[in-house]
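Read through the structure below, which is laid out as C-alpha cells, and then see the notes.
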Amino acid sequence: MRGRRLRRDGNLDIFVPNYGKNVLWHNNGDGTFTNTAAAMGVAVENHAVGAAWGDYDNDGWPDLMITSYHGEPGQQVPADALFHNDGGKSFTDVIADNPLLNAGDHGVTWVDYDQDGALDLSITRGYSPVGGHFLFRNAMPAQQASQSLSIVALDAKGKYNQPGAEVRVYDKAGKLLGTGLMPTGGGYGAQGAVPVHVGLPGCARESRGALHGQSGRHHPNHSRHRGGQLLRKGSGGAASPPIIGRPRTTNYRIR
C-alpha cells in the first residue's frame, strides 16, 4: 500500500496493488475515500506484489511502477506495469515502450542512487531458478535531471526520521509543488530509507520545504530548488549526505 498526492490538493491518496484489480483510493478531504482506480486507468487485473511512486521524468507528477507476475507455479514470468501520470487526470501504461523494465515480480524502489537528479529504478525477481536484482540507471538529459529536489529528513541526532514523515515543497507564493512520505520500500523484497524525490519542471524560483513528522509538528525549511539534495535536520543534528554505493547498472532512457 503506497500513499501519494496525485492532484496536488493537499490530501494523500492511497494505491493498493492486488491479486486481482488494483485499488486507488482518492482522499476526499473529509475523512472518506473513493476508489478511482477504474477512472484513472490503473484498475488492471494482475498478481501485483509491489508498487512504488516516482516522478521518473521530472514533470512534477508522480508516476507508478507495479511489479506483478502471471503463470502457474514454477512457470511465473514478470507482468509489470509502468503508469505515466498524465497531469493528475489519468495514467497510461507505457511498459510496452520500455520492455527492458518488465523484469521484476516482487520488490520495487525508485532511488536516485548516483545523485544526478533523475530517479533510477531498482526491482527484484523471485520466481526464477536464480532470482535477480536489477538496477536501471535513468539516462535523462542533465538539464532535465537538474530540475528536481531530493529531500532527506533527519532527527535531532542526525539519524533518518521515522518512516511516514511527510515532506512538502512550496514555491515562494505558497503554491504546493510536490509532496511525499519518507518511504521504506515498494513491496516484498524491497526495504530501505531513501530520500523523497520531487520533480520541479522549469525550476527557477525560490521554494520552501516543510517536514511534517509523525508527531504532527510542522518544521519549515528554506532552499532554492535548482536541483540537488536538501537535508532537513532537527536542532543539534549534524546533516551529512547519505552514503550510496554504485552497483552494476543498466543505463536506460524511459520513454
**Q.** For the range 144-187 and the range 83-104, distance of Cα centres in Å
**A.** 23
Q: Indicate the gyration tensor shape class of the range 14-82 (rounded, prolate or oblate), computed on the Cα atoms with a ≥ b ≥ c the square roots of the eigenvalues: a/c under 1.5 is rounded; otherwise a/b larger than b/c is prolate and the rest oblate.
A: oblate
Q) How much area per residue is accessible in the range 53-196 when the probe is 1.4 Å and only protein heavy atoms are counted (Å²)? A) 41
Q.
At 7 Å along Cα-to-Cβ for each site, give me the label-to-label distance between residue 35 and residue 11 in nm.
A. 1.8
Q | Segment residue 160-residue 45, length gained on full extension (0.36 nm per residue, minus Cα span) | A | 37.7 nm
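For the range 1-87, what's the relative contact order in percent, using C-alpha pairs closer than 8 Å and at least 6 residues apart?
Relative contact order here is 20 percent.
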(Q) How much length would be gained if the chain were fully extended between residue 75 and residue 133, taking 0.36 nm per residue of separation minus their Cα-Cα distance, in nm to one decimal? (A) 19.0 nm
**Q.** Anchor residue 89: aspartates and glutamates whose Cα lies under 19 Å away (excluding residues fewer than 8 positions away in-chain)
**A.** 9, 13, 55, 57, 59, 63
Q. Can you run phi through the Karplus equation (6.51, -1.76, 1.60; θ = phi - 60°) for the range 152-159 and list ³J(HN,Hα) in whole Hz, with x for Gly and Pro?
A. 10, 9, 10, 8, 5, 9, x, 9
Q: Provide, for q = 0.15, 0.24 Å⁻¹, the log10 of I(q)/I(0) from a solvent-free Debye sum over equal Cα point scatterers in the range 88-148.
A: -0.57, -1.07
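Using a ≥ b ≥ c from the Cα gyration tensor of the range 103-203 (square roots of the eigenvalues), is it rounded, prolate or oblate, where a/c under 1.5 gives rounded and otherwise the larger of a/b and b/c decides, a/b for prolate?
Taking the square roots of the gyration eigenvalues as a ≥ b ≥ c, the range 103-203 is oblate.
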**Q.** Alpha carbon Rg of the range 1-149, scaled by the compact-globule rule 2.2 N^0.38 Å
**A.** 1.05
Q. What is the range 61-125 by shape, rounded, prolate or oblate, if you read a ≥ b ≥ c off the alpha carbon gyration tensor as root eigenvalues and call it rounded for a/c under 1.5, prolate for a/b larger than b/c, and oblate otherwise?
A. oblate
(Q) Multiplying the sequence separation of residue 143 and residue 94 by 0.36 nm and subtracting their Cα-Cα distance, what value in nm do you get? (A) 15.3 nm
Q: Compute the FRET efficiency between residue 19 and residue 193 as 1/(1 + (r/R0)^6), taking r as their Cβ-Cβ distance and R0 = 45 Å, and round to the nearest 0.05.
A: 0.95
Q. Of 124, 184, which has the most accessible area with a 1.4 Å probe, and how do the rest follow in descending order?
A. 184, 124
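The values are calculated or read from the model by the stated rules, or taken from the named source; none is laboratory data. Not measured: the values here are computed from a predicted model. Don't worry about glycine lacking a Cβ; one is built from the backbone with ideal geometry, like all the others, and counts go over all protein chains shown. Heads up: the accessible areas ignore ligands, DNA and RNA and are worked out on the full protein's heavy atoms, side chains in. Shrake-Rupley method; radii C 1.70, N 1.55, O 1.52, S 1.80 Å.
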